[in-house]
Amino acid sequence: MSEDKINNRENVTKSPKTLLNVSNISISFFQYSKGLKKIVLHVVKELYLDVGEGEIVAVLGSSGSGKSLLAHAILGILPGNSLLEGEMKYNGKILDQKLKEELRGDEIALIPQSVDFLDPLMKIGDQIIGDVTDDKKEGKKREMTKIFKNYNLREDIADLYPFQLSGGMTRRVLFSTSMIINPKLVVADEPTPGLDEKPIEETLNYLKTMANEGRGIILITHDIQTAVKVADKVVIFYSGYVIEVNRTENFSGNGNKLLHPYTRALYKALPQNGFKLFEGSQPMNMDKEDKCIYYDRCRQSIEKCSHSNPDLVEIDGMKVRCYVVEKSYEI
Amino acid sequence: MSFDKERFKSPYSFLFGNMNLRTKTLLIISLVGFVLLAIAINSFFINVDNITTNFAIKNSQPSLQHPFGTDWMGRDMFSRTIKGLGLSIVIGGLASILSAIIAVFLGLSSTLGRYFDHAVNSMTDLFLSIPHILLIILVSISLGGGISGIVVGISLTHWIPLTRVLRAEIKQINTSTYVKLSKNFGRTKLWIAKNHLLPLLIPQIVVGTILVFPHAIMHEASVTFLGFGLSPHEPAIGIILAESMKYLSNGSWWLAFFPGLSLLIIVLLFDLIGDNLQKLLDPTQANE
Amino acid sequence: MFMAELKANNISFKYNGTNEWILKDLSISLKDSQVKGLIGESGGGKSTLCKILAGYEDYFEGEVKIDDLNTNSSKINPVQLIFQHPEKTMNPKWKMKRSLDESWEVSDDILEKFGIKENWLNRWSNELSGGELQKFSIIRALNPKTKFLIADEITTMLDAVTQVQIWKLLLSIAKKRKIGILVVSHDKELVHEVCDEIAHLNDINHV
């Protein structure tokens, strides 16, 4: 595919103003193997991601595929033995550790996946308001009351401790802590694990409302159904690589509009779509990519797949990392 | 954005080059361990009777021949100090090992049942409420003083922190899902203690034991200094320091200065080993 | 040939020091070879019930018993619980081989069926993905003495492809060994797909 063709297509599918632009990010970890030898684990590789204002981007991957690290990388809270390479831009400015620390808790907010992120010894209200000077406190308090109303929380919850909340309330409190700072970009890390339909519905509605207010949302999840319900586009992770970026509406019918064979497998494995069995497992932390990462499980591979890993290429505004799909579109 | 590569460099890189943290930590531990061992072994070969009395050079200032000076009987203070430090290390070693044994015993018995747990808990509270020094002096005197008295006295007062750590740790491991699962697979309490608990506790025990060392040494020296510990004819640092008091007013500063400084350095070295071991064994720091 | 049945009669449970019943007069039974689904809202006591059935919870009212099992003197609980988070069920200082051995000597054909690669056995639990770990914890629970499995949201944290792999295998093995499975899940579609019979917690729990 030639350069200007790609450019044309980009113009066609032009999304609203880009908020976050992640290009070619890699995350690796240092670990001691035996004795004094240090090994490097490449956990996330060549990651590209764009999030626009008012857009919900779902990042879909199984546990261990590196998707949570993406959230930590954006917020600048990766652990000490990790290394982040590549470039991130926020509103056109390069997002380095210093800017991340400035924006974290200001323009970028994290909705964490569990209660563990709340301080068990601190009242809910104090945690939501955070560490502010006295003159700002009143304003924040008013803001909190408003947010509580939006999330159907009683006002007196502010005086409770985390252990006194039910699961549903805790989730809404976690949302409140991120909304008090009025963020432009929200990263939600598995906000719906093991929930029933009703609370999932509720959580997703909150995310939708946030997006309608013009915020950019990254929804990190392993649950394809959750992703499809709210997202504008879905980014699929496999073994640390993005293998496909597709529009949400393509996750429908018999899944023919999905590009990568793994994405189709995921879709068809859902109970309502046939509960179809696909063998094999996702390789973790591979060092050498001398073949396509999906080669061992793929049923449609061609000769080329056995000796090089494909790049992520753009096709009709979607992206895919697969030689077979590439070939079929070139014809 | 060539990101944060700087973060991986340690501030001591001029000293250790590009060594990774684990190599560095091991190097520090073995160097310090070597120094301590050398002192202990050397002191063993210094015979007190060979530290000759020579009144011709009594109270001489530090010189090349006598780096730590000589005392009022003309004895070489360097030899006396090394001998004293050796004794301190031996006493510290015995006391830490003994207190670790007490701690492991109490820690494990606290899991036997609610009453055992209560008993251990009240015992720690009781011992915490009595000042260390007082208890050491009491035990030491009632056992007739000497090395055994002081070792028992120190051991009986220094098992508390490790016992508390172990008790908390055991409680936590015992509530973990994998221990409950183990019971469901029909494993006995003893099997679980041996296979699940002990391997997870060993790092705590090792670090806890090493960290008792400096306390033990300091306490031994101070009790001896006060005259309740080792008898005056023992070549202990506490004795040396006590004697030096009489001559300090004459301007013989080296009699107190060098032995005191050496004692401090030994204590700091043990602390260094303890901290570095902790770094090595603590999983949260292990990969940095 | 015998029929075994796991029976829980009039189970009531509340947390120590509270007055609110989580479970009240709940009765449920599970026959061998039966795959029974249990659905209900989160916070409704599903996980508590699982723990009671598998003997993880000592303080409750009512009784849990197994009928007609040729009671051998085995110390291994014939009711095994599989958890939602397998990483919590592995000793972090053990390699996977040792974790398996704690339960039983796993045969090679089971490992192969689950797609467990030889070198995984020598890894620590933090070097495996959630899906791989869950496969290990299921194999471990499939001790030859196991008669009933309580599967508490075992594929909730996994991707759809791994979910299918795990359930298809588990169902075929359970059928062969006449193991009864209680499938606890929030996912109605999944429960309908894998279960013969479905119970709703709200209907049997008289809180």
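The values are calculated or read from the model by the stated rules, or taken from the named source; none is laboratory data. Owing to the predicted nature of the structure, the values given are computational and were not obtained by experimental measurement. Methodologically, a virtual Cβ is constructed for each residue, glycine included, from the backbone with ideal geometry; neighbour enumeration extends over all protein chains shown. All accessible areas refer to the heavy atoms of the entire protein, side chains included, with ligands and DNA or RNA removed. Shrake-Rupley method; radii C 1.70, N 1.55, O 1.52, S 1.80 Å.
In whole angstrom, note down how far apart the Cα centers of the range A:288-313 and the range B:157-220 are.
So the two Cα centres are separated by 49 Å.
Can you show me the helix-derived [θ] at 222 nm for chain C, built from DSSP H runs with n ≥ 4 at -39,500 (n - 2.57) apiece and divided by the number of residues, rounded to the nearest 500.
Numbers: 7 runs with 61 residues, N = 207.
One gets -8000 deg cm²/dmol as the mean residue ellipticity at 222 nm.
Mean residue ellipticity at 222 nm from the helices of chain A, using -39,500 (n - 2.57) per DSSP H segment of n ≥ 4 over the full residue count, to the nearest 500 deg cm²/dmol? Display every interim value, and only then the final one.
On the way: 10 runs with 101 residues, N = 331.
Mean residue ellipticity, 222 nm, calculated: -9000 deg cm²/dmol.
Mind checking how much accessible area C and A bury in total, 1.4 Å probe, in Å² rounded to 100? Walk me through the numbers on the way to the answer.
Values: alone 11310 and 17290 Å², together 26190 Å².
For chain C against chain A, roughly 2400 Å² becomes buried.
Carbon and sulfur atoms: what percent of the 1.4 Å accessible area of the protein assembly as shown do they account for? It would help to have the intermediate numbers written out before the result.
Working: 21770 of 39620 Å².
Its accessible area is 55 percent carbon and sulfur atoms.
Count the net charge of all other residues whose Cβ sits under 11 Å from the Cβ of A:Asn250, scoring Lys and Arg as +1 and Asp and Glu as -1.
Details: positive: A:Lys233, A:Arg247, A:Lys257, A:Arg264; negative: A:Glu244, A:Glu249, A:Asp316.
Neighbour charge sum, excluding A:Asn250 itself: +1.
Could you work out, residue by residue across B:181-190, how many beta carbons of other chains sit within 10 Å of that residue's beta carbon, and then give the average as an integer?
Values: counts 17, 5, 4, 12, 12, 8, 4, 1, 0, 0.
Across B:181-190, the average partner-chain Cβ count within 10 Å equals 6.
Using only the alpha-carbon atoms, how far is helix A:167-179 inclined from the longest principal axis of chain A? Give it as 0 to 90 degrees, nearest 10.
Around 90 degrees separate the two axes.
How well do other chains shield peptide B:172-180, expressed as the mean number of their Cβ atoms within 10 Å of each residue Cβ? Present the calculation step by step, with values, prior to reporting the outcome.
On the way: counts 0, 1, 0, 0, 5, 11, 11, 2, 7.
Partner-chain Cβ atoms within 10 Å, mean over residues of B:172-180: 4.
Anything over 22 Å Cα to Cα? Flag those among C:Lys24/C:Lys88; B:Lys171/C:Lys75; B:Lys183/C:Lys188; C:Lys14/C:Lys46; A:Lys123/C:Lys88; A:Lys98/B:Lys24, in the order listed. Intermediate values should be presented prior to the final figure.
Working: C:Lys24/C:Lys88 29 Å; B:Lys171/C:Lys75 24 Å; B:Lys183/C:Lys188 32 Å; C:Lys14/C:Lys46 13 Å; A:Lys123/C:Lys88 29 Å; A:Lys98/B:Lys24 30 Å.
Checking Cα-Cα distances, C:Lys24/C:Lys88; B:Lys171/C:Lys75; B:Lys183/C:Lys188; A:Lys123/C:Lys88; A:Lys98/B:Lys24 exceed 22 Å.
So, in nm, how far is label A:Arg154 from label A:Leu121 when the simple model puts each one 7 Å beyond its Cα toward the Cβ?
2.7
Show that you can apply the helix-only estimate: for chain B, add -39,500 (n - 2.57) for every DSSP H stretch of four or more residues, divide by all residues, and state [θ] at 222 nm to the nearest 500. Could you put the intermediate results ahead of the total?
Details: 12 runs with 196 residues, N = 288.
Taking each H run of at least 4 residues, the total per residue is -22500 deg cm²/dmol.
For B:Leu248 and B:Leu64, what does the FRET efficiency come to when R0 = 22 Å and r is the distance between their Cβ atoms, rounded to the nearest 0.05?
Values: r = 24 Å, r/R0 = 1.08.
Given R0 = 22 Å and the Cβ-Cβ separation, E is 0.40.
Rounded if a/c is under 1.5, else prolate if a/b beats b/c, else oblate: with a ≥ b ≥ c from the C-alpha gyration tensor eigenvalues square-rooted, which is the range A:166-267?
Numbers: a/c = 2.10, a/b = 1.74, b/c = 1.21.
Prolate is the answer for the range A:166-267, as a/c is 1.5 or above and a/b outweighs b/c.
Once you order the gyration tensor axes a ≥ b ≥ c over the Cα atoms, which shape class does the range A:243-331 get: rounded for a/c under 1.5, otherwise prolate or oblate by comparing a/b with b/c?
Working: a/c = 1.89, a/b = 1.21, b/c = 1.56.
Oblate shape, in that a/c is at least 1.5 and b/c is the bigger or equal ratio.
Rounded to the nearest 10 degrees, what's the angle between the helix B:160-174 long axis and the longest principal axis of chain B, both from Cα atoms, 0 to 90?
Helix B:160-174 and the main axis of chain B meet at about 20 degrees.
Rounded, prolate or oblate: which fits the range A:19-130 when a ≥ b ≥ c are the square roots of the eigenvalues of the alpha-carbon gyration tensor, with rounded for a/c under 1.5 and prolate only if a/b beats b/c?
Numbers: a/c = 1.81, a/b = 1.20, b/c = 1.51.
The shape class here is oblate.
Sort B:80-92, B:113-125, B:133-145 by the packing proxy (mean of other Cβ within 10 Å over each peptide's residues), most packed first.
On the way: B:80-92: 23.7, B:113-125: 13.2, B:133-145: 16.5.
With the highest mean Cβ count within 10 Å placed first, the list reads B:80-92, B:133-145, B:113-125.
Between helix B:132-142 and chain B, what is the angle of the helix's C-alpha long axis to the longest principal axis, kept within 0 to 90° and rounded to the nearest 10?
70
Give, rounded to the nearest 20 debye, the magnitude of the charge dipole that chain A has about its Cα centre when Lys and Arg contribute +1 at Cβ and Asp and Glu contribute -1 at Cβ.
Numbers: 44 positive and 47 negative charges, 94 e Å.
Result for chain A is approximately 440 debye, rounded to the nearest 20.
Could you provide, to the nearest whole Å², the per residue accessible area of chain B with probe 1.4 Å? Intermediate values should be presented prior to the final figure.
Values: 14940 Å² over 288 residues.
With the other protein chains kept in place, chain B gives 52 Å² per residue.
Interface size between chain A and chain B, please: total buried accessible area, 1.4 Å probe, rounded to the nearest 100 Å².
The summed interface area works out to 1500 Å².
Just to verify a number: FRET efficiency for C:His200 and B:Ile97, C-beta to C-beta distance, R0 = 51 Å, to 0.05? Write down the numbers at each step before the final one.
Details: r = 61 Å, r/R0 = 1.20.
The calculated FRET efficiency here is 0.25.
Averaged across C:101-110, how many Cβ atoms of other chains sit within 10 Å of each residue's Cβ atom?
Counting other chains' Cβ atoms within 10 Å and averaging over C:101-110 gives 2.
Once both labels are modelled 7 Å past Cα along the beta-carbon direction, what's the C:Lys97-A:Lys257 spacing in nm?
Those two pseudo-labels are separated by 5.1 nm.
Any idea what Rg and Dmax come out to for the protein assembly as shown if you just take the C-alpha atoms, in Å?
Cα only, the protein assembly as shown: 33.0, 107 Å (Rg, Dmax).
Using the heavy atoms of the protein chains and a 1.4 angstrom probe, tell me the accessible area per residue for the range A:103-174 in square angstrom. Don't skip to the answer; put the middle values down first.
Working: 4440 Å² over 72 residues.
It amounts to 62 Å² per residue over the range A:103-174.
How would you order A:52-63, B:173-184 from highest to lowest mean count of nearby Cβ atoms within 10 Å? It would help to have the intermediate numbers written out before the result.
Details: A:52-63: 23.2, B:173-184: 18.4.
So the peptides A:52-63, B:173-184, ranked by packing, come out A:52-63, B:173-184.
In straight Cα distance, which lysines are under 24 Å from A:Lys93, not counting same-chain residues fewer than 8 positions off?
Cross-link targets: A:Lys14, A:Lys17, A:Lys45, A:Lys67, A:Lys184, A:Lys233, B:Lys5.
Can you give me the span-like helices of chain C, meaning DSSP H runs with 15 Å or more of Cα extent along the axis and Kyte-Doolittle mean at or above -0.5? Mind dumping the intermediate values first?
On the way: long enough: C:130-141 (16 Å, 0.03); C:160-177 (26 Å, 0.38).
Both cut-offs are met by C:130-141, C:160-177.
Hey, with R₀ at 22 Å, roughly what FRET efficiency would B:Leu134 and B:Leu261 work out to, going by the Cβ-Cβ distance, to 0.05? Display every interim value, and only then the final one.
Values: r = 28 Å, r/R0 = 1.25.
Rounded to the nearest 0.05, the efficiency is 0.20.
Give the distance, in whole Å, between the Cα centre of the range B:74-133 and the Cα centre of the range B:263-277.
Result: 17 Å between the Cα centres.
Under 16 Å Cα-Cα from B:Lys246, which lysines qualify once same-chain neighbours fewer than 8 residues away are excluded?
List returned: B:Lys58.
In terms of Cα to Cα distance under 21 Å, which lysines are near enough to C:Lys113, apart from those fewer than 8 places away along the same chain?
Once the sequence-local lysines are set aside, what remains near C:Lys113 is A:Lys276, C:Lys95, C:Lys97, C:Lys135, C:Lys145, C:Lys147, C:Lys168, C:Lys175, C:Lys176, C:Lys178.
Given Cα pairs under 8 Å that are at least 6 residues apart, what percent is the relative contact order of chain B? Walk me through the intermediate numbers first.
Working: 359 pairs, mean separation 65.6, N = 288.
RCO, chain B: 23 percent.
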